[in-house]
Amino acid sequence: MKMSKMYMPTLKEDPSEAEIASHKLLLRSGMIRQLVSGVYSYLPLGYRVIRKVEQIVREEMDVAGSQELLMSPIQPRELWEATGRWANFGPEMFTLLDRNSREFCLGPTHEEYITDLIKNEVKSYKQLPLNLYQIQTKYRDEKRPRFGLMRGREFIMKDAYSFDVDEEAMIRAYDIMWKSYDKAFTRLNLKYKVVEGDTGAMGGRVSHEFMAMSEAGEGFMAYCEACDYAATDEKATVVYNVENSNQEELPLEKVLTENVTTIEGLEDFFKIDKSSFGKALVYSVKGKPLVVVIPGDRELNEIKLENYLEISSHDIEMADEEMIIDITGANKGFTGPVGLKEGTRLLVDSRIKDMKNLIVGGNETDIHLKNVNYGRDFQGEVVEDLLMIRDGDICPKCDEKLKMARGIEVGNIFQLGTKYSEGIGAKYLDENGKEKYFVMGSYGIGITRTVAAIIEQSHDENGIIWPLNVAPYEVIITVINTKDEEQMNLSQNIYDELAKKGVEVLLDDRKERAGVKFNDRDLIGIPIRIVVGKGAADGMVEYSLRKTGEKEDINVNDLIKIIE
Ligand code: ATP
Ligand code: MG
Ligand code: MG
Ligand code: MG
């Protein structure tokens, strides 16, 4: 590709709306442009990178035995009602009406859809296991879209779904996907950790998140260097059994207007700081939210249960605000609100013991209980020790101290069980002719977020440093003086020679100052660089790698050999 013809609208300055490196650099290098908040166009250079990342993921999925298909992003509301997720997704769902006022959403994920798709076609155990995937644009009306490709409202995801006869077979499928993710992320040059995850809106019990190590990440993880333990911060410490209950009932509305309680020292407890944006505000054990802290100025309608998911991570900016504390055992809306009724198995962090005046779910929609005290209103015993992450906590597997790190969730795998097959009514016949629900797993990789993660891990003050296998082009030839015939001819020869060998090569033949070309070259991050300047007359060029920057003068003939 000749750069004189290339559409690459680079920017000299950092765009003011961008806070993190990948966002700045993707904009500056002319790889993406924003249409509206969280919605981007992928420009030619950026789209090449995206396709390469997709291709690596695709190859690993194919090797793992998953088959690619493509579903529609448009999904009818009924499918989501069947599993109760229409309400759960709440405002994160992009919805639309057709001309007959039938309701649809733009798919944030495809569990319901694919289960329905195979429902009437896969009928026998003989057709299992089955694993299908797609690479497709997903839609989530995120509350706080930000950081460019990191958290868009439209983004590209690879999503795979496995169908198996039983739990054991599903776990096998899960392990295969896990290995395939390891291979993909390793090929993508990411430094990452696999951490025990929160099952969140997906349901199911077991999940693992693939976290690319990065200070720019919105995720927190704790990990142990002595053993292999690693988990997200959305995990809590202790499980209590509620033994008695004598709280007052109060409609939520009243709680909000009359009963806002300030609890000092909470900031520390929840690790709220501006940079974490309330990330630790919803704790959960195995996907169940425990403590929701909501600033006192919240609108009533924002505190409804279906919004809890949203409140969880991105939204709370003030550390010193008056607060309501709400402990609820609800399964993120899956089964409706659950409060402190006798016999309720409540999952809470042990430090809740020190808090007075808790507000908890009241076992009824919009009803909460106020002035709930640990000890007086509910007692607990430790049923199970789980982790809630704090720096220096002790690893639950060994006695070492845990370390904390920030990361970018680039992938997430889930053991779903039969939640979706039951909801959709998808069954097969087993060897004995008995009807059974498919046992499922689902597996996501954020393709566009991965592009951002690669940049976060690989850039310097001058621009992006692409790993060779995802770089938009592998080689760039910079012509110092385009008016010099010798330089132009030699460049053209090298360009032709490399292109003939299948090398992806850029020729910077623009009539710009050399300085401008060098800046762009560094910015767009092409891994292998050739400069054709004064030495052209003697067949000499300058060769360097973006990564090290060490320059070497070499003869053209040797050059072609090196690059091969
Ligand atoms: P997050 O915790 O960041 O909101 P998630 O857990 O909601 O992500 P999943 O439902 O697990 O996301 O989706 C699978 C993958 O899709 C994620 O691991 C992530 O890489 C990617 N992804 C999710 N939401 C976004 C988004 N808004 N923008 C870009 N990528 C996303
Ligand atoms: Mg999310
Ligand atoms: Mg997540
Ligand atoms: Mg996830």
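Taken together, the values in this text are just the output of simple stated rules run on the coordinates, not laboratory data. Everything quoted here is computed from the prediction, not taken from an experiment. Every residue, glycine as well, gets a Cβ built from its backbone with ideal geometry; the counts of neighbours run over all protein chains shown.
Restricting everything to alpha-carbon atoms, can you work out Rg to Rh for segment 1-47 with a Kirkwood hydrodynamic radius?
0.98
If you plug each phi of segment 507-522 into the Karplus form 6.51 cos²θ - 1.76 cosθ + 1.60 with θ = phi - 60°, what whole-Hz ³J(HN,Hα) values come out, in order, with x for Gly and Pro?
These are the phi-based 3J(HN,Hα) values: 10, 8, 9, 6, 7, 10, 5, 4, x, 4, 5, 5, 4, 5, 4, 5 Hz.
Among the listed pairs 193/397; 511/534; 183/419, which have their C-alpha atoms separated by more than 24 angstrom in this model?
Among 193/397; 511/534; 183/419, the Cα-Cα distance tops 24 Å for 183/419.
Quick one: 162, 29, fewest Cβ neighbours within 10 Å first, how do they rank?
Ascending number of Cβ neighbours within 10 Å: 29, 162.
Only loop residues by DSSP count here, and only those with at most 10 other Cβ atoms within 10 Å; note down the trypsin sites (Lys or Arg not before Pro) in segment 1-36 that meet that.
Hits after loop and neighbour filter: 12.
Arranged by the count of other C-beta atoms within 10 angstrom, fewest first, what order do 466, 178 take?
Result, fewest neighbours first: 178, 466.
Which loop-located GluC sites (Glu not before Pro) does segment 77-130 contain, where loop means any DSSP state but H, G, I, E or B and the Cβ has at most 15 other Cβ atoms within 10 Å?
Qualifying residues, ordered by number: 121.
Return the loop-located GluC sites (Glu not before Pro) in segment 142-222 (DSSP other than H, G, I, E, B) with at most 14 other Cβ atoms within 10 Å of their own Cβ; answer none if there are none.
215
Where the Cα atoms of segment 459-527 are projected onto their three principal axes, how long is each span, largest first, in whole Å?
Answer, in whole Å and largest first: 35, 29, 11 Å.
Measuring from centroid to centroid over Cα atoms, what is the spacing of segment 96-112 and segment 20-90 in Å?
18 Å
What FRET efficiency comes out for the pair residue 401/residue 175, r = Cβ-Cβ distance, R0 = 45 Å, nearest 0.05?
Plugging the Cβ-Cβ distance into 1/(1 + (r/R0)^6) gives 0.95.
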